[in-house]
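Engineer: So that we are looking at the same thing, I have put the structure below in structure tokens.
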Amino acid sequence: MRADTALGLRMPRSLTGRRVTRVLLCLLVLAIFLLPFWTLVMTALSGATMQSGEVALLPRQPTFANVTDAWHFGVARGLLNSLIVVAVGLTLQVSVSALAAYSLARKRFRGASLVLLVLLATMMMPEEIIAIPLYLVLGKIPQPITGGTLIDSYGGLILPLVGWALPIYVLTGFMRTIPDELEEAARIDGAGDFGIFLRVIVPLCRPALATCAVFGFLMIWDQYLLPLLVAQSKNTYTLTLVVTSLQSSQELSQGVRLAAALILLVPSVIVYLLLQRFFERGLLSGSLKG
């Protein structure tokens, strides 16, 4: 019989040799993924002057001055704007996606498959293709309260993020696996469509919703092209724009620029760690049921 293989390599036949090989491979993978993050943190916490492109494996003259300097160079305002856009945009995105998926998965109507196909087709178009049309459309939509258009406003930063095909596709596939008997029992108890959606479908879809929330958060948090088009003043700059502008500045030190990048990275790590359990359950459920 052939010995087990890992990463395309033949594993040793002895149990001790296999364990040692697995440990070495795990350490290699950890080094590949953690080394860039480690050097980012160490350089951001180093107070010593370093050349452009230079990084530190250990902090030189440890200090938090780089973080505070980056905070005062617009990171604070960018972080606030990004949090507002993520909070509102992700809530609307998941809510709209769940309602659309419920209609596609639990309602029978002609053209449902075509609608889902069209939604999936939007994922195949690079966002650069619709950049100019999107800018022109947002420039013609008036703001009901402050006047003007959606350009250089939170509405312009949030509205294009609401419709995304990926969570609709994931939730549609998940909702189709829910037994029809549960919905029929709820109707016998007098529940309507909206009541069934809130009390039956949504609780059963929590793992899938958490998975969509993680993907949606990362998609919104890492947005660069949309804020670049919409944000015209520093008051509406998101954190990605602020960090990009700091990276191109020659007046700031390497530590300050990497400290800003570290602040941009931390929320993504926190959200994934908080939703990791639900995220893995959602992926596992989709692989078993889909």
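Engineer: Within the bounds of region 46-60, is there any residue that is outside any loop (DSSP other than H, G, I, E, B), under 30 Å from Gln247 (Cα atoms) and modelled with pLDDT of 75 or more?
Structural biologist: Checking region 46-60: at least one residue is outside any loop (DSSP other than H, G, I, E, B), under 30 Å from Gln247 (Cα atoms) and modelled with pLDDT of 75 or more.
Engineer: Hey, another quick one. Determine, yes or no, whether Thr21 is surrounded by 15 or more Cβ atoms within 10 Å (Cβ to Cβ), of a type in the set (Val, Ile, Thr) and in contact with a strand residue (DSSP E or B) (Cβ under 8 Å, 6 or more places away or on another chain).
Structural biologist: Working: surrounded by 15 or more Cβ atoms within 10 Å (Cβ to Cβ): yes; of a type in the set (Val, Ile, Thr): yes; in contact with a strand residue (DSSP E or B) (Cβ under 8 Å, 6 or more places away or on another chain): yes.
For Thr21, the condition - surrounded by 15 or more Cβ atoms within 10 Å (Cβ to Cβ), of a type in the set (Val, Ile, Thr) and in contact with a strand residue (DSSP E or B) (Cβ under 8 Å, 6 or more places away or on another chain) - is met.
Engineer: So is Ile220 at pLDDT 90 or above and under 30 Å from Lys107 (Cα atoms) or not?
Structural biologist: yes
Engineer: Now for a separate question. If I go through region 136-153 residue by residue, how many of them are surrounded by fewer than 17 Cβ atoms within 10 Å (Cβ to Cβ) and hydroxyl-bearing (Ser, Thr, Tyr)?
Structural biologist: Number of matching residues: 2.
Engineer: Confirm whether Ile84 is surrounded by fewer than 16 Cβ atoms within 10 Å (Cβ to Cβ), under 30 Å from Gly195 (Cα atoms) and in contact with a helix residue (DSSP H, G or I) (Cβ under 9 Å, 6 or more places away or on another chain).
Structural biologist: Taking the combined requirement at face value, the residue satisfies it.
Engineer: Tally the residues that are crowded, with 17+ Cβ neighbours inside 10 Å and among the small types (Gly, Ala, Ser), restricting the search to region 248-260.
Structural biologist: 4
Engineer: Let me ask you something else. Inspect all residues belonging to region 248-261 and state whether any of them is in a helix (DSSP H, G or I), within 23 Å of Thr91 (Cα to Cα) and in contact with a helix residue (DSSP H, G or I) (Cβ under 8 Å, 6 or more places away or on another chain).
Structural biologist: no
Engineer: Checking the condition surrounded by fewer than 20 Cβ atoms within 10 Å (Cβ to Cβ), closer than 30 Å to Ile196 by Cβ and among the polar types (S, T, N, Q), which residue from Thr49, Thr122 passes? Show your work before the answer.
Structural biologist: Values: Thr49 fails: closer than 30 Å to Ile196 by Cβ.
Only one candidate passes the filter, namely Thr122.
Engineer: For the condition surrounded by 14 or more Cβ atoms within 10 Å (Cβ to Cβ), in the same structural domain as Ala98 (by TED's automatic domain parsing) and free of Cβ contacts under 8 Å to residues at least 60 places away in the same chain, what is the one hit in Val214, Val271?
Structural biologist: Val271
Engineer: Look at Thr68 and say whether it is at pLDDT 85 or above, out of contact with any strand residue (DSSP E or B) (no Cβ under 6 Å at 6 or more places or on another chain) and of a type in the set (Ser, Thr, Tyr).
Structural biologist: yes
Engineer: Another one. Give me the pairs: first residue in region 63-77 and in the same structural domain as Leu265 (by TED's automatic domain parsing) and touching a residue at least 12 places away in the same chain (Cβ under 8 Å), second residue polar (S, T, N, Q) and part of a helix (DSSP H, G or I), beta-carbon distance under 8 Å, and six or more apart or on different chains, which are they?
Structural biologist: Close Cβ pairs (under 8 Å, with a partner that is polar (S, T, N, Q) and part of a helix (DSSP H, G or I)) amount to Gly74/Ser245; Arg77/Asn235.
The values are calculated or read from the model by the stated rules, or taken from the named source; none is laboratory data. As the structure is a computational prediction, the values presented were derived from the model and not from experiment. Heads up, the Cβs are rebuilt from the backbone with ideal geometry, glycines too, and the neighbour counts pull from every protein chain shown.
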